[in-house]
Amino acid sequence: MNVRDLVNDSSAVFGQRSSSSNTMLSVPPSRVPSPNFSRRASIVLIGMRGVGKTTLGTIASKALGWELIDTDFMFEQQQGVPIAQFISTYGWDEFRKVEAEQLEHLIPANSTGKVIACGGGVVEREQNRVLLQRYREHGPVIHVLREKDAVLAYLRDSPQYPPFLHETAKEAWDRRERLFRECCSFEFVSLTVPIPPAPANFKDAITPDQTLALKLVEEDFFRLLRFIHGVDTRQVTLSPPGHRTYSLTLTFEDVREAIPVLDDISAGIDLWELRADLLKSYEPTFLAFQIATLRRYSPLPILFTLRTVSQGGRYPDVSPQDERAVKNQAWLLHHALRLGIEYIDLEVIMPESTFTTLVEKKGNTLVMGSYNDWEGTLNWSSSQTRHLYERMKQLRVDIVKIIGAAKSFEDNMALRQFVGSVERSSIPLLAINGKISRALNPILSPLSHPLLPRAAAPGQISFHEIQSILYLTGLLPAKRFYDFGRSMASTLHSTAFAQLGLPHSYSVIDTMTAEELQSTMTHPSFGGANVTIPHQVDIIPYMQNITRHARVIGAVDTVTASSDGGPNGDNTEWRAIKTCLSRSLTPANVVTSSTTALIIGAGGASHAALYALYQLGVINIVIYNRTRRRAELLADELSKLDSLLKIRVLDQLEGQSSIRPLPTMIISTLPATAPKSPEPIDIGLRIEHLSDAGGVAIELAYDRRVTRLLSLAQEKRDKGIAWAVVEGIELLLEQGFEQFRIWTRRRAPARKVREKVLEVYEQQ
Ligand SMILES: Nc1ncnc2c1ncn2[C@@H]1O[C@H](COP(=O)(O)OP(=O)(O)O)[C@@H](O)[C@H]1O
Ligand SMILES: O=C(O)C1=C[C@@H](OP(=O)(O)O)[C@@H](O)[C@H](O)C1
């Protein structure tokens, strides 16, 4: 794939080039269920007035490069009058009739490559509902929701809408919600973000500052789209054998209570288990908001569990004779699938027809078939347990979960034997019966955390405690990590190791030559190293393997120990730059083939910056460096990456900018101040160099005096134009977190680490 394919292939939604050391890899391809729809299938948005269908439609259409069809807009164009006026002249019936005729042609004729935002009353007519239900077999029909109070307040202040007939907006909302659910295949909650007011004289529909505020909504929406299309289903990697993965069981009655502690409790884990049966309501909109809230604050995938009373939960037991209860349970579990849940727990004791229909309809959701031996009668050595496992395999689950209750130490041995006997089977098994088995089980072991209201099951322990058990039993050898050079990395990594209860150490080795580091890197206890100047280039010959990224950039900043002895070299700087850039780009500035970026400086960091831009799909890149020759060398070298890259060297920054279109991304790799001088260097960067559509600026100088770009950002902001500025320290942290993930395959507790690093930084 070249850059153009990437841009055309909607990189903003469908993700960028894959990176070899991405820690959120999916399960092996054979286990990824094929997506239900073609990636080109049009996206249809339905939902109440004012929830944000047009807003989301605009964001998605820009990112995908697909045309947005707004049916209301189309209606007004065809009829030549605003909808409200049409209705006051001809009445609602006539409006619904014309609306239905329009839709009947529109959807079949635009079934690929379009984003279709429907009018809020589209589900009022049976004919339209049937049309939508038919379309959802072919492509996604997404029901959009937003907080009712916020939408009703917006509608009260919006005189352009026609008044409802014989009912209030709230009554229409309550009546229609069920109809939307009957017609959709997915549901998306666009959580309200505070949108700054537009300046008085602003003419366009939406200001860049407002689009920056909608960035969070964009991220949430793209997450769902990627899931639907099977591009990034966030499945947890369960390989290689022995790699341990963990889930954390959330026991809150309302996940909003978890938000303040979410960062701390998610450290080290791979998956949230949302115990829906413990929530204070099973109402579908409440559930949708619970999941949306969790997703807004955490990228981890979610396992939806509705544990029944006899299986140790709070959801009422369902008797197969009680048709209503069977239907309600099935409906709730289908609702979880509609919310694009990544994993769903299905109790094997539920009526078989419910189970099999859910498996048929699961799309990209992975099914965890579960059995909880709450009464303690399960015998791991018996043929019945074997039969239970085989039964779940027949039911085509993706993961089998069997939970027993150990009565003696021997039960643990029997469990291990059982696990060993099915190890070669194609379906992963999560089997536990107490603390020891929880530590030994490598597959999504369910954990608790002291900050949770309570443990979800007896014997549930924390990530920290499990690490101690693994260390004491010799399964987690203490490794030595190093800083080859001197940086803030020591504070960052030591804090993360301590917080997670990992037994590893971190120390600085300051040598003159890279050669002196060789014996450290080949020692059996070597875990990994962070490499700072001056060794990033000199260390390359001592690497056994080196990633493609590090080779292109020509610098190794992260070393890992490989299983075959030799050290492996990687580069994380580019990934940190890429993350910071994409996190701060507004939906209005998604990368397209005309996106332009400016790099200032031509040293080592500029290589990483240019490579990050290339990975983002940016093809127009301008480099400015005081010594022109160095900029030319950088341009020549990295132009080889792709013939479509247009890299240009700029003679000077001063004066009128000759860059067209103006950059939406600027990366400065120059130090903030000259050596031994407190004065900021003026490189001639002015507000006129930056796009009027807003953008992002990054200052790689690892120094908090990032005055240059900050003042420009302020100037832009004063004019109502959005700018995000990323400081060097933020990049440094991002890079450190990347390294930590590569070494330990774990997420570091970001808030704690950030606080500690900043504290040390302030003291310096
Ligand atoms: N997630 C959100 N947070 C805050 N405001 C939003 C959000 N989504 C949409 N809006 C605002 O709500 C209003 C209605 O949005 P719009 O997309 O026109 O709704 P619809 O097309 O569903 O009627 C607009 O002012 C928009 O800026
Ligand atoms: O609620 C409704 O019945 C309507 C909603 C509007 O669509 P939006 O939701 O796009 O505003 C528009 O079709 C018309 O005013 C009728």
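The lone criterion from (1) outside any helix (DSSP H, G or I); (2) closer than 30 Å to G65 by Cβ; (3) touching a Pro at 6+ places or on another chain (Cβ under 9 Å) left unmet by T592 is number (3). Of the helices (runs of 4 or more DSSP H) contained entirely in segment 163-267, those carrying at least 1 residues that are in contact with a helix residue (DSSP H, G or I) (Cβ under 7 Å, 6 or more places away or on another chain) and more than 16 Å from ligand 1 (Cβ to nearest atom) fall at 169-183, 215-228, 262-266. Looking at K114, K62, just one residue is modelled with pLDDT of 95 or more, open to solvent by 20 Å² or more (accessible area, probe 1.4 Å) and more than 10 Å from ligand 2 (Cβ to nearest atom), and that residue is K114.
Tell me the residue from I546, I577 that is over 24 Å from the mean Cα position of the chain (by Cα) and either farther than 30 Å from I59 by Cα or not acidic (D, E) (or both), please.
Values: I577 fails: over 24 Å from the mean Cα position of the chain (by Cα).
From the options I546, I577, the qualifying one is I546.
Out of the residues in segment 373-395 that are outside any helix (DSSP H, G or I) and among the polar types (S, T, N, Q), which is farthest from P351 (Cα to Cα)? In this case the residue turns out to be S381.
Scanning segment 280-301 for residues that are more than 22 Å from V51 (Cβ to Cβ), open to solvent by less than 20 Å² (accessible area, probe 1.4 Å) and touching a helix residue (DSSP H, G or I) at 6+ places or on another chain (Cβ under 8 Å) gives S298, L300.
Of the set (1) open to solvent by 20 Å² or more (accessible area, probe 1.4 Å); (2) free of Cβ contacts under 8 Å to residues at least 40 places away in the same chain, all apply to L610 but (1).
So is Y161 within 11 Å of ligand 2 (Cβ to nearest atom), open to solvent by 40 Å² or more (accessible area, probe 1.4 Å) and under 25 Å from R296 (Cβ atoms) or not? When the stated conditions are applied, Y161 does not pass them. From the residues in segment 590-607 that are open to solvent by less than 10 Å² (accessible area, probe 1.4 Å) and among the polar types (S, T, N, Q), which one is farthest from L214 (Cα to Cα)? That would be S606. Given the criterion farther than 18 Å from L447 by Cβ, open to solvent by 20 Å² or more (accessible area, probe 1.4 Å), of a type outside the set (D, E) and in contact with a Ser or Thr (Cβ under 8 Å, 6 or more places away or on another chain), identify the matching residue among L212, L216. Within the list L212, L216, the selection yields L212. If the condition is being aliphatic (A, V, I, L, M) and either within 15 Å of ligand 1 (Cβ to nearest atom) or touching a residue at least 60 places away in the same chain (Cβ under 8 Å) (or both), then segment 117-154 contributes A117, V122, V123, L132, V141, I142, V144, L145, A150, V151, L152, A153. When segment 402-454 is filtered for residues that are more than 32 Å from the chain's Cα centre (by Cα), part of a loop (DSSP other than H, G, I, E, B) and buried (at least 22 other Cβ atoms within 10 Å of the Cβ), the ones remaining, listed by number, are G404, N433. Of note, A489 does not satisfy the criterion of being more than 24 Å from L248 (Cβ to Cβ), touching a His at 6+ places or on another chain (Cβ under 7 Å) and not charged (D, E, K, R).
The test for being β-branched (V, I, T), within 15 Å of ligand 2 (Cβ to nearest atom), touching a strand residue (DSSP E or B) at 6+ places or on another chain (Cβ under 8 Å) and modelled with pLDDT of 95 or more holds for I69.
Scan segment 613-628 and tell me whether some residue there is more than 32 Å from the chain's Cα centre (by Cα) and part of a helix (DSSP H, G or I). Yes. Looking at segment 39-59, can you tell me whether even one residue there is part of a helix (DSSP H, G or I), within 16 Å of ligand 1 (Cβ to nearest atom) and touching a Pro at 6+ places or on another chain (Cβ under 7 Å)? Yes, because at least one residue in segment 39-59 is part of a helix (DSSP H, G or I), within 16 Å of ligand 1 (Cβ to nearest atom) and touching a Pro at 6+ places or on another chain (Cβ under 7 Å).
Look at segment 249-264: where a residue is touching a residue at least 40 places away in the same chain (Cβ under 8 Å) and a partner is hydroxyl-bearing (S, T, Y), sitting 6+ places away or on another chain with Cβ atoms under 7 Å, you get T249/S448. In the set (1) at pLDDT 95 or above; (2) within 16 Å of ligand 1 (Cβ to nearest atom); (3) within 26 Å of the chain's Cα centre (by Cα), the condition left unmet by E99 is number (3).
Of the residues in segment 75-98, how many are within 19 Å of R125 (Cα to Cα) and open to solvent by less than 70 Å² (accessible area, probe 1.4 Å)? Give the derivation first.
Here is the first cut: in segment 75-98, the residues within 19 Å of R125 (Cα to Cα) are 75, 83-84, 86-87, 90-98.
Applying the additional criterion that residues be open to solvent by less than 70 Å² (accessible area, probe 1.4 Å) yields 75, 83-84, 86-87, 91-92, 94-96, 98.
Count: 11.
In segment 355-366, the qualifying residues are those that are in a helix (DSSP H, G or I) and either open to solvent by 10 Å² or more (accessible area, probe 1.4 Å) or at pLDDT below 95 (or both), and the one that is nearest to V231 (Cα to Cα) is E360. For the criterion of being open to solvent by 10 Å² or more (accessible area, probe 1.4 Å) and at pLDDT 95 or above, D232 fails.
The residues listed here are R751, R717, R741; of these, the one that is more than 26 Å from D570 (Cβ to Cβ) and of a type in the set (K, R) is R717. On inspection, G369 does not qualify as at pLDDT below 95 and open to solvent by less than 30 Å² (accessible area, probe 1.4 Å).
Which of the residues that make up segment 79-107 are in contact (Cβ under 8 Å) with a residue 24 or more places away in the chain and away from ligand 2 (no atom under 13 Å from the Cβ)? Those that are in contact (Cβ under 8 Å) with a residue 24 or more places away in the chain and away from ligand 2 (no atom under 13 Å from the Cβ): E104, L106, I107.
The values are calculated or read from the model by the stated rules, or taken from the named source; none is laboratory data. Everything numeric in this text was worked out from a predicted model, so none of it was measured. Ideal geometry is used to build each Cβ from the backbone, glycine not excepted, and the neighbour counts take in all protein chains shown. Areas reflect the complete protein model, heavy atoms only, side chains present, ligands, DNA and RNA absent. Shrake-Rupley method; radii C 1.70, N 1.55, O 1.52, S 1.80 Å.
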